[in-house]
Amino acid sequence: MSIYSISNYMIDIGGEMIAKGKNPQGWNWCIGIVRPKDDSTGTNSELEQIVQLSERLGLATSGNYRNFYLKDGRKYAHAINPITGYPVQKDILSATIIAHQCMLADAYATAFMTLGSRKARQL
């Protein structure tokens, strides 16, 4: 129980969210994860997976499939590699992480985007 007696909630702030308890229908919170497809228009809403959250958990998704542009046949995304200072050119379109803190989930999701699939799996 919290200071305000709120025990059921889901808060979403642009791909980062935290949820606890049940939704108004009494079910676990169901979060749809969009199938990552290169779609700079943001119109793709096909779901890859639905996850259920009930205990207090954070969820974050980072991806390079919406915020990008193409120039001379090369894709430039908004995720920046901190080592090179250039846009990430890896084999991951999206990473979704569930953790006990949303900040930690977001940090891992962003890190996985810069590491690529092999190094992300190792981590």
Residues that are among the charged types (D, E, K, R): find the strands (runs of 3 or more DSSP E) completely inside region 6-123 holding 2 or more of those.
16-20, 74-77
Determine if region 67-82 includes at least one residue that is closer than 30 Å to Trp27 by Cα, without any contact (Cβ under 8 Å) to a residue 60 or more places away in the chain and polar (S, T, N, Q).
no
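Taking the options Ala120, Ala105, Ala95, name whichever one is within 15 Å of the chain's Cα centre (by Cα), over 30 Å from Lys22 (Cα atoms), at pLDDT 90 or above and not polar (S, T, N, Q).
Ala120
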Of all residues in region 73-123, which are open to solvent by less than 80 Å² (accessible area, probe 1.4 Å), in contact with a helix residue (DSSP H, G or I) (Cβ under 6 Å, 6 or more places away or on another chain) and farther than 23 Å from Ile13 by Cα?
Asn81, Val88, Ala120
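The values are calculated or read from the model by the stated rules, or taken from the named source; none is laboratory data. Source: prediction; values computed, not measured. Here the Cβ is made from the backbone with ideal geometry for all residues, glycine too, and neighbour counts use every protein chain on show. Quick note on the areas: whole protein, heavy atoms, side chains included, nothing else; ligands and nucleic acids left out. Shrake-Rupley method; radii C 1.70, N 1.55, O 1.52, S 1.80 Å.
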